[in-house]
1. When the residues of the stretch 6-32 are filtered to those that are farther than 13 Å from Leu83 by Cβ, of a type outside the set (A, V, I, L, M, F, W, C) and in contact (Cβ under 8 Å) with a residue 12 or more places away in the chain, which remaining residue is surrounded by the most Cβ atoms within 10 Å (Cβ to Cβ)?
2. Does at least one position in the stretch 33-45 carry a residue that is touching a residue at least 40 places away in the same chain (Cβ under 8 Å) and closer than 20 Å to Met68 by Cα?
3. Inspect the stretch 19-40 for any residue being at pLDDT 90 or above and among the aliphatic types (A, V, I, L, M) and give the result as yes or no.
Amino acid sequence: TFLFEQSNYVTLIINEFNKAYLNLSNIYSMPIKAQSKLFSVFVDYTLNMLMEAFGQVKKCSSTGRSIMLKDLKFLKGNLEDLLNGKWKFNINNKRENK
């Protein structure tokens, strides 16, 4: 079942985004467009850093690479659900997982 579930670190990243949103009390006074842009930058940064880390793995099996790709897709989908569903932003992340 591990191949069909997100890894623990994906859950941790999502939890950190939730904490950040709940702890940024000043964000609620910002216009929704500014809030959306701020979290869009967070998402881009997080995905870029994760892809960079994955790119530095020198020796990995095809199964390992598949798991990394799966985790990127889970993370992107969970972040989009959180941002656009729960928080009602309208962020369309154009990044494609390759």
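The values are calculated or read from the model by the stated rules, or taken from the named source; none is laboratory data. Worth saying up front: this structure is predicted, and the values here are computed from it rather than measured. Because the Cβ atoms are built from the backbone with ideal geometry, glycine has one as well, and the counts that use them run over all protein chains shown.
1. Checked the stretch 6-32; the qualifying residue surrounded by the most Cβ atoms within 10 Å (Cβ to Cβ) is Gln6.
2. Yes: one or more hits.
3. Looking through the stretch 19-40, none of the residues is at pLDDT 90 or above and among the aliphatic types (A, V, I, L, M).
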